[in-house]
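What follows is one structure encoded as structure tokens, with my remarks underneath.
The values are calculated or read from the model by the stated rules, or taken from the named source; none is laboratory data. Bear in mind that the values here come from a model prediction, so they are computed numbers and not experimental data. Cβ coordinates were reconstructed from backbone atoms using ideal geometry, including for glycine residues, and neighbour counts include every protein chain displayed.
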Amino acid sequence: MPDQGEAPPPVPPGAPTAATGSRLTRRKPVEQLVAEGGQGAGGALRRSLGLWQLTMISVGATLGTGIFVVLGEAVPDAGPAVILSFVIAGLTALFSALSYAELAGTIPVAGSSYSYTYATLGELVAWVCGWCLILEYGVSVSAVAVGWGAYLGELIEGTLGVGIPEQLAAPPGEGGVFNLPALLVVLLAMAFLLGGARESARANAVMVVVKIAALGLFCVVAFTGVRAGNYEPFMPLGMAGVSAAGATLFFSYIGFDAASTAGEEARDAQRDLPRAILLSLVIVTALYCLVAVAAVGALPWRDFEGSEATLAGIMQEVTGQGFWATILAFGAVVAIASVVLTVLYGQTRILFAMSRDGLVPRVFSRVHPRTGTPRANTLLVSVFCGVLAAAVPLGRLADATSIGTLFAFALVNVAVLVLRRTRPGMRRSFRVPLAPLFPAIGLCLCLWMMGSLDRITWVVFASWMAVGLAVYFAYGMRRSRLAGADR
């Protein structure tokens, strides 16, 4: 069923009308996507989220482990000019964020970039995008949960003097038997999500406020130890060093798109989703730059080399007391728990959209009538991610989440260009400025970032895609609701 005002894709001479190629490129009309918004098997998602909650979802998914450890990797490349590196990385993310904002306001549904590509690039590309998102969200939940367990161990040891037994703090193959803290934080996030979108959004907002306060505390303490000489020379390794650090820091911005997965639970999605995406990016960039100014001012940039200087280490260096490092470790525990909650939320909503389209089993789109949440979906995803975090060494699979995310970002930039060409008169609550230039820049930057990743990451990504294509051709293509409409 083509979009209104669109001609169906041309059929090559001599090819049958129902050829496999035409099935792979079938698109789901924007009007149909929007009309189905919120509807699941047995009930509907509840529209209960405002601008504040949506913004906190994206901030919660973005502001996590990265800023607590990333300076130790980036400062040796850029020196004090790491502040500029954060700005460059933020601007790099901004081009894709603008495209997300336009599509989130135009197609306010739960599937995020999966749904955007379904409306513009066809079913096969949409499946590939959705499969990338499953990798990005599912594996990153598990990886972040493992990091939460490590910070929790440090916090307990710093406050009580007793650590978590190694057998219960790591999976097999990494010195342990079962990573119990990683499982616990996923189950805690699951409990919030089962209570409803509004309740989990409130819990996330509290956690976001706590971790922003922890970073604010770091800045206050670090600024007491700032020495003007630490900012000189400002750019010791030149612009090349600033750019290299910017590429490293870009991955600290991944997560700003999380609000787009809440398209069917926002009270005024067309107005609030674009604002939430862009506002969250501004908040995160401002915090990152402020923390960077305080950190490099308090500690000479050369001392970051090989020291794995985290924010907690800098606070201890400035004050000479371990108390402040313990406080910051508490902030890190809260920060990472917020990431687990928001990313797990995004994963369930993407699977909800894919299930409603018939591409994954129907159980993922069943909505509980009392809470208005996809309860079975949440339980299945949480148990899977929790067991993955607790019992499986993730290794390179966790690294592959970066390439999956960039691939999804690239497709969103392409989707903006396609929808601008095929549906120029469609109402858009937000429009990317200077299109098609900005979406094209966003696409090129994503491809450049993907090209900078190592070969092993590409091998893992290719293997994941091969499995995904096998699942699609064996299950999704035949059970697609659009396939039923074609018969």
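A single member of Gly105, Gly161, Gly90 is farther than 30 Å from Arg302 by Cα and in contact (Cβ under 8 Å) with a residue 60 or more places away in the chain, and it is Gly105. Of the candidates Thr285, Thr248, the single residue that is among the β-branched types (Val, Ile, Thr), in contact (Cβ under 8 Å) with a residue 12 or more places away in the chain, under 25 Å from Val139 (Cβ atoms) and surrounded by fewer than 24 Cβ atoms within 10 Å (Cβ to Cβ) is Thr248. The set of residues in region 51-75 that are of a type outside the set (A, V, I, L, M, F, W, C) and modelled with pLDDT of 90 or more comprises Gln53, Thr55, Ser58, Gly60, Thr62. Screening Phe251 with (1) modelled with pLDDT of 90 or more; (2) under 17 Å from the mean Cα position of the chain (by Cα) gives one miss only, at (1).
Taken together, Leu279, Leu290, Leu273 contain a single residue that is closer than 30 Å to Arg481 by Cα and out of contact with any Phe, Trp or Tyr (no Cβ under 6 Å at 6 or more places or on another chain), which is Leu273.
In this structure, Asp303 does not qualify as more than 19 Å from Ser48 (Cβ to Cβ), at pLDDT 90 or above, of a type in the set (D, E, K, R) and part of a helix (DSSP H, G or I). For region 42-71, give me the residue count where each residue is among the aliphatic types (A, V, I, L, M), in a loop (DSSP other than H, G, I, E, B) and under 18 Å from Leu279 (Cα atoms). Of the residues in region 42-71, 1 are among the aliphatic types (A, V, I, L, M), in a loop (DSSP other than H, G, I, E, B) and under 18 Å from Leu279 (Cα atoms). Does Phe430 satisfy the condition of being under 23 Å from Leu24 (Cβ atoms), of a type outside the set (Asp, Glu) and modelled with pLDDT of 90 or more? Here the answer is no, as Phe430 does not meet what is asked. Selection within region 334-369: residues that are part of a loop (DSSP other than H, G, I, E, B) and of a type outside the set (Val, Ile, Thr). The member of this set that is surrounded by the fewest Cβ atoms within 10 Å (Cβ to Cβ) is Pro369. Elements of the type helices (runs of 4 or more DSSP H) sitting completely within region 370-487 and holding at least 3 residues that are surrounded by 18 or more Cβ atoms within 10 Å (Cβ to Cβ): these cover 375-391, 396-422, 437-451, 455-471. Against the definition (of a type in the set (A, V, I, L, M, F, W, C) and under 14 Å from Arg47 (Cβ atoms)), how does Ala269 come out, yes or no? Considered against the rule, which asks whether it is of a type in the set (A, V, I, L, M, F, W, C) and under 14 Å from Arg47 (Cβ atoms), Ala269 comes out as yes. Note on region 151-190: residues that are aliphatic (A, V, I, L, M), at pLDDT 80 or above and farther than 14 Å from Cys385 by Cβ total 10. Note on region 105-175: enclosed helices (runs of 4 or more DSSP H) holding 1 or more residues that are hydrophobic (A, V, I, L, M, F, W, C), within 19 Å of the chain's Cα centre (by Cα) and surrounded by 19 or more Cβ atoms within 10 Å (Cβ to Cβ) are 123-133, 140-160.
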